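Student: Can you keep this structure in mind? I'll have questions shortly.
Any read-out appearing in this document is the output of simple, stated calculations on the displayed coordinates, not a laboratory observation. In this text the structure is predicted, and so the values were computed from the model without any measurement. Methodologically, a virtual Cβ is constructed for each residue, glycine included, from the backbone with ideal geometry; neighbour enumeration extends over all protein chains shown.
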Amino acid sequence: MAQLKQIYLAYWRQLKFFVDEQGLDWKFSSFEGEGEAVVKIGDPKRKICLSLNGSDGKKPQPVLSAGFWIPDSREEYMTLKAKRAQIEAEMGKSLVWDMRPGRKSSWVWITIGMDLSNEKNWPSSFEWFAQNAQKIRDVCQRHLS
């Protein structure tokens, strides 16, 4: 597990450098464990969550996720879900719709497989995060306005 934690921490540090170099207006508000970072982009009530999913304790599982997090509004989630086909068409791919049972928070996720145990893959993953986190935020915000 220590190796996985080191990979995650090094990855987030490098992503933060990338974000700063690109001049993106992202504010990393927290790292929820090693595999998840909460990033504020735009509206402070709605956040983007970036995730790395790992499971075997040796290397990260090849899954990256950028999620539009709606912390306290089932109504906003249902507004988005009612426009699912239109939102997914704008995103150009299927999304994961996650209304957490028994909780107020909900998510709209976009994912891609990528092996992050090889640092040569990191730059393309940073580009993926930059493009898709901004896009899912923009699309979802537009449909909530």
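Student: If Ser145 satisfies every condition in (1) within 25 Å of Ala89 (Cβ to Cβ); (2) small (Gly, Ala, Ser); (3) surrounded by 11 or more Cβ atoms within 10 Å (Cβ to Cβ) but one, which is the exception?
Tutor: (3)
Student: Filter the stretch 83-117 down to residues that are out of contact with any helix residue (DSSP H, G or I) (no Cβ under 7 Å at 6 or more places or on another chain) and not in a strand (DSSP E or B), then give me how many there are.
Tutor: 13
Student: Can you tell me which of Ala133, Ala66, Ala82 is among the hydrophobic types (A, V, I, L, M, F, W, C) and more than 23 Å from Asp25 (Cα to Cα)?
Tutor: Ala82
Student: Restricting to the stretch 107-133, name every residue that is among the β-branched types (Val, Ile, Thr) and under 10 Å from the mean Cα position of the chain (by Cα).
Tutor: Val108, Ile110, Thr111
Student: Please find, within the stretch 88-138, the residue that is surrounded by the fewest Cβ atoms within 10 Å (Cβ to Cβ) out of those that are closer than 12 Å to Ile48 by Cβ and basic (Lys, Arg).
Tutor: Lys135
Student: Continuing with the same structure: Pairs please, first residue from the stretch 64-85 and under 26 Å from Tyr11 (Cα atoms), second anywhere and in a strand (DSSP E or B) and among the polar types (S, T, N, Q), Cβ atoms under 6 Å, 6+ apart in sequence or on different chains.
Tutor: Close Cβ pairs satisfying both conditions: Ser65/Ser51; Ser65/Thr111; Ile70/Ser106.
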